[in-house]
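> Pasting in a structure now, in structure tokens, and then I'll have a few things to ask.
Readers should treat all values here as calculations from the given coordinates under stated rules, not as data from a laboratory. All of these numbers come straight from a predicted model, not from anything done at the bench. Here the Cβ is made from the backbone with ideal geometry for all residues, glycine too, and neighbour counts use every protein chain on show.
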Amino acid sequence: MVIAAAGLLAACQTIVPRGAEPAPARPAARPAPTTAPQVEAGLPRDADRSRVALLVPLSGGNAGVGQSIANATMLALLDTQTRSVRITNYDTAAVAAGGAAGAARRAIAEGAQLILGPLLAEDVRAVAPIAKAAGVPVISFSNDTGVAGGGTYLMGYVPSQSIERVVDYARSRGVDTFAGLVPNGLYGERASTAFLRAVEGAGGQVVSLQTYGRTTGAVSAAAQRLIAKAPYGAVLVADGGAIAATAAGVVKRGTGAGTHLLGTELWNSENGIAARPALAGAWFASVSNTLYRQYVTKYRARFGAAPYRLSSLGYDSVLLTVRIARDWKPGSPFPEARLRDADGFAGLDGAFRFNRDGVAERALEVQEIRGGATVTVSPAPTGFGK
């Protein structure tokens with residue numbers, strides 16, 4: 001045991017012969033350098049999916065409709081089972097974060113190549129120049145044609161199209177003289193211009209056009225002035241259902257039940273519009289509700305509440321994006337030229353396509369309020385002719 005222990009000790013010692021210098025110790029090998037992982041601000045990079053930003057109000061007074069649009073986009077992604085598109089929500093009402101402009105800057109900085117939204121025209125005006133400078137197209141849910149163009153597209157329901165459609169239908173039913181009630185303001189101005197052009201284009205005549213302010217009794221006073229210009233076959237009320245019902249009562253008492261009442265696209269966004277007795281027999285043009293009703297059932301089952309009518313714009317914008325994404329390589333710019341496909345696109349709201357001005361042209365149907373419900377009296381075309 002002593003000999004063995006001595007051997008172990010000897011093995012642990014360095015024995016240097018006399019007169020010899022010790023060999024230099026071999027330096028210890030350094031470990032290979034390692035690269036620290038890069039941490040980037042914002043969202044993680046996604047090489048397999050194209051990045052899309054949804055800009056809607058998720059706080060403030062319009063949070064309800066904004067969240068409904070966001071829910072609709074989620075539902076559209078699930079229904080299409082797409083793996084090529086990633087949508088990130090940004091709150092345009094977050095004032096502390098820069099509002100709509102701040103949301104657009106963050107979205108672009110985080111890699112968005114397409115913006116869906118915003119909802120409000122003033123937000124579109126804030127976002128459009130930022131997106132244009134970055135080469136990112138904007139598909140907005142606004143109906144203000146004044147913000148379209150230059151890479152900004154509008155999916156909102158434009159009043160001029162619904163007015164033209166319902167006027168054409170009235171002419172086909174033998175109406176050749178028209179009168180109108182329009183509110184003061186931008187919407188009223190555009191509705192007036194569209195109404196005059198539509199009637200002229202259809203070969204009819206506008207007998208009287210009266211405006212009114214947003215004060216108590218203003219529309220009734222305007223309707224009284226309109227009665228003095230009777231007779232005429234139809235009266236357009238370019239306003240919501242409550243105002244239209246008030247005007248209808250005055251007009252029909254002064255001209256008789258034979259005068260047809262015409263509405264705009266605003267009526268299709270109102271719940272309970274058909275329950276107003278004064279609007280019985282009225283005609284208005286809008287997008288079809290056939291597929292929308294099925295969507296409402298699915299939406300309610302998933303989110304536990306009914307959607308806002310405008311949420312279908314969010315759903316259809318995703319259908320459009322997914323269709324184009326078949327030819328859109330992740331990480332590359334969005335192929336904007338595909339938005340101007342002459343054949344258009346299909347969605348919950350029917351067929352639509354973007355014209356050169358960036359405004360969505362829609363295939364509209366005409367509905368009649370009858371028996372407390374809306375009935376389609378002139379179906380929407382299924383597409384666009386060559």
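> Highest GNM mean-square fluctuation, the chain, Cα pairs closer than 10 Å: which of S288, S317, S59?
S59
> Turning to a different aspect of this structure: Would you please classify the overall shape of region 184-238 from the alpha carbon gyration tensor, given that a ≥ b ≥ c denote the square roots of the eigenvalues, rounded means a/c under 1.5, and beyond that prolate means a/b larger than b/c while oblate covers the rest?
Values: a/c = 3.19, a/b = 1.28, b/c = 2.50.
It is oblate, given that a/c is not under 1.5 and a/b is not larger than b/c.
> Between region 234-308 and region 118-146, what's the alpha-carbon centroid distance in Å?
29
> Contour minus end-to-end for R356 and A221, with contour as 0.36 nm per residue of separation and end-to-end as the Cα-Cα distance?
Values: separation 135, 0.36 × 135 = 48.60 nm, distance 4.05 nm.
Answer, rounded to one decimal: 44.5 nm.
> Another question about this same structure. Kindly put F303, F178 in sequence by how many other C-beta atoms sit within 10 Å of each C-beta, fewest to most. List each step's numbers first, then the result.
On the way: F303 15, F178 26.
In increasing order of surrounding Cβ atoms, one gets F303, F178.
> Let me ask something else. Roughly how many whole Å is it from the C-alpha centroid of region 76-96 to that of region 147-170?
26
> Convert each backbone phi in region 314-329 into a coupling constant with the Karplus relation 6.51 cos²θ - 1.76 cosθ + 1.60 (shift: θ = phi - 60°), then list the ³J(HN,Hα) values in order as whole Hz, x for Gly and Pro.
Each residue of region 314-329 in turn: x, 4, 5, 5, 6, 4, 4, 4, 5, 5, 5, 5, 4, 10, 10, 6 Hz.
> Return F195, F334 ranked ascending by Cβ neighbour count within 10 Å, so the fewest neighbours appear first. Let's see the in-between values first.
Numbers: F195 26, F334 22.
With the fewest neighbours first, F195, F334 line up as F334, F195.
> Of (1) 28.0; (2) 21.6; (3) 33.2, which one was derived for mean projected area of the Cα convex hull in nm² from the structure shown?
(3)
> Same structure, new question: Assuming 0.36 nm per residue, please report the length gained on full extension of the stretch F303 to E336 beyond their Cα-Cα distance. Don't skip to the answer; put the middle values down first.
Values: separation 33, 0.36 × 33 = 11.88 nm, distance 3.26 nm.
That pair, F303 and E336, stretches by 8.6 nm at full extension.
> Now for a different question. Just check region 283-348 against the gyration tensor rule for me: Cα atoms, a ≥ b ≥ c as the square roots of the eigenvalues, rounded for a/c under 1.5, and otherwise prolate or oblate depending on whether a/b exceeds b/c. Walk me through the intermediate numbers first.
Working: a/c = 3.20, a/b = 1.62, b/c = 1.98.
Judged from the Cα gyration tensor, region 283-348 comes out oblate (a/c at least 1.5, b/c at or above a/b).
> So what J values fall out for region 108-116 if you push phi through Karplus, 6.51 cos²θ - 1.76 cosθ + 1.60 with θ = phi - 60°, rounded to Hz, Gly and Pro as x?
5, 5, 8, x, 5, 10, 8, 10, 9
> What angle, in degrees between 0 and 90 and rounded to the nearest 10, separates the Cα long axis of helix 63-80 from the longest principal axis of the Cα atoms of the chain?
70
> Further question: Could you give the size of the charge dipole of region 176-258 about its Cα centre, using +1 on the Cβ of each K and R and -1 on the Cβ of each D and E, expressed in debye and rounded to the nearest 20?
Values: 7 positive and 4 negative charges, 40 e Å.
Its charge dipole is roughly 200 debye.
> Separate question: Compute the acute angle (0 to 90°) between the alpha-carbon long axis of helix 290-303 and the principal axis of greatest extent of the alpha-carbon atoms of the chain; round to the nearest 10°.
Between the helix axis and the principal axis of the chain, the angle is about 40 degrees.
> Still on this structure, please answer the following. Name the residue, out of E265, E200, E368, whose mean-square fluctuation peaks in a Gaussian network model built on the chain with Cα pairs under 10 Å.
For the chain, modelled as a Gaussian network with Cα springs under 10 Å, the answer is E200.
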